[in-house]
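Participant: Pasting a structure below so you can have a look.
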Amino acid sequence: MKPTQVMETEHRLIETVVKALCGVADAIEKGQPADAAMLATAVEFLRLYADKLHHGKEERLFFPMLVTRGVPPQGCPIGGLNHEHEKGRALVRALAEQARAYAQGTPGAKGGLVETLRGIVDLYQNHIWKEDAMVFPMADKVLTEADQTELTEKFGEVDRAVGLDVVARLETFAKSLGTSGQAPLPSAAAKN
Ligand SMILES: [Fe+2]
Ligand SMILES: [Fe+2]
């Protein structure tokens with residue numbers, strides 16, 4: 001697979017989780033309980049799979065390779081995308097805290113949780129769209145075949161550094177959320 005195909009495949013799984021989080025926000029707003037265990041695993045997915053694994057590949061390997069082919073490291077698109085990765089990290093930190101507070105039944109936890117979930121959905125959907133529609137097609141043109149082979153090999157090293165078992169478990173979690181855009185029915189429903 002080309003490096004952009006690897007990243008597109010990862011985008012589809014990240015999108016599945018993000019759509020499920022949109023479903024969680026909708027459910028909470030309708031007064032339904034959210035699945036606290038699912039939220040905790042979603043936080044883990046966003047930290048390890050979306051950030052450490054996927055953003056790690058982009059920031060440490062893919063963007064620097066684009067820079068060697070003449071794409072500016074600051075400004076549009078790389079500077080803007082790196083900035084969005086930072087915003088994503090801050091939102092996921094907030095989500096982790098708010099999901100914990102929600103699970104513990106902390107009064108008023110719902111409002112902040114819904115706001116953060118909406119922020120994550122907006123940021124990730126827009127970010128992924130930009131990369132898929134604009135950055136990856138450009139990369140396919142400017143990167144040589146040798147660049148692409150090197151990136152694909154190094155992407156494999158990132159997968160192994162995160163842990164192939166961890167990657168497989170988180171991919172299974174994302175796939176279990178399905179393509180309906182809805183989170184599964186709450187099992188151990190947190191009352192809040
Ligand atoms: Fe990105
Ligand atoms: Fe990406």
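Participant: Considering Cα pairs under 8 angstrom that are at least six residues apart, work out the relative contact order of segment 42-122 and quote it in whole percent.
Facilitator: Contact order relative to length: 28 percent.
Participant: Principal axis lengths of the chain from Cα atoms, whole Å, largest first?
Facilitator: Dimensions of the chain along the principal axes of its Cα atoms: 54, 34, 26 Å.
Participant: What lysines could a cross-link reach from Lys154, if we take a straight Cα to Cα line under 21 Å and drop same-chain neighbours fewer than 8 places away?
Facilitator: Counting by Cα, and skipping residues close in sequence, Lys154 has these lysines nearby: Lys2, Lys52, Lys57, Lys141.
Participant: In addition: Through the Karplus equation 6.51 cos²θ - 1.76 cosθ + 1.60, θ set to phi - 60°, convert the phi angles of segment 64-72 into ³J(HN,Hα) values in whole Hz; use x for Gly and Pro.
Facilitator: Taking θ as phi minus 60°, the curve returns x, 5, 4, 4, 5, 9, x, 7, x Hz for segment 64-72.
Participant: Can you give me the accessible area per residue for segment 3-176, using a 1.4 Å probe, in Å²?
Facilitator: On the way: 8050 Å² over 174 residues.
Ligands and nucleic acids excluded, the figure is 46 Å² per residue.
Participant: Here is a follow-up. Under 13 Å between alpha carbons, and skipping anything fewer than 8 positions from Lys175 in its own chain: which aspartates and glutamates qualify?
Facilitator: Glu10, Glu15
Participant: Note down the magnitude of the dipole of segment 3-176 about its Cα centre, charges +1 on Lys and Arg C-beta and -1 on Asp and Glu C-beta and zero elsewhere, to the nearest 20 debye.
Facilitator: 460
Participant: In whole percent, and with a 1.4 Å probe on the protein chains, what portion of the accessible area of segment 3-176 is carbon and sulfur?
Facilitator: Details: 4400 of 8050 Å².
Roughly 55 percent of what the probe reaches on segment 3-176 is carbon or sulfur.
Participant: Hey, another quick one. Where a Cα-Cα gap under 25 Å defines reach, which lysines qualify for Lys110, not counting those fewer than 8 residues away within the same chain?
Facilitator: Within reach: Lys19, Lys30, Lys87, Lys191.
Participant: In percent, what relative contact order does segment 53-192 have, based on Cα pairs under 8 Å that are 6 or more apart in sequence?
Facilitator: Numbers: 65 pairs, mean separation 51.4, N = 140.
Across segment 53-192, relative contact order equals 37 percent.
The values are calculated or read from the model by the stated rules, or taken from the named source; none is laboratory data. The model shown is predicted, which means the values in this text are computed figures rather than measured ones. Here Cβ is always computed from backbone atoms with ideal geometry, including for glycine, and neighbour counts include all displayed protein chains. Note: accessible area is taken over every heavy atom of the protein model, side chains too, but ligands, DNA and RNA are not part of it. Shrake-Rupley method; radii C 1.70, N 1.55, O 1.52, S 1.80 Å.
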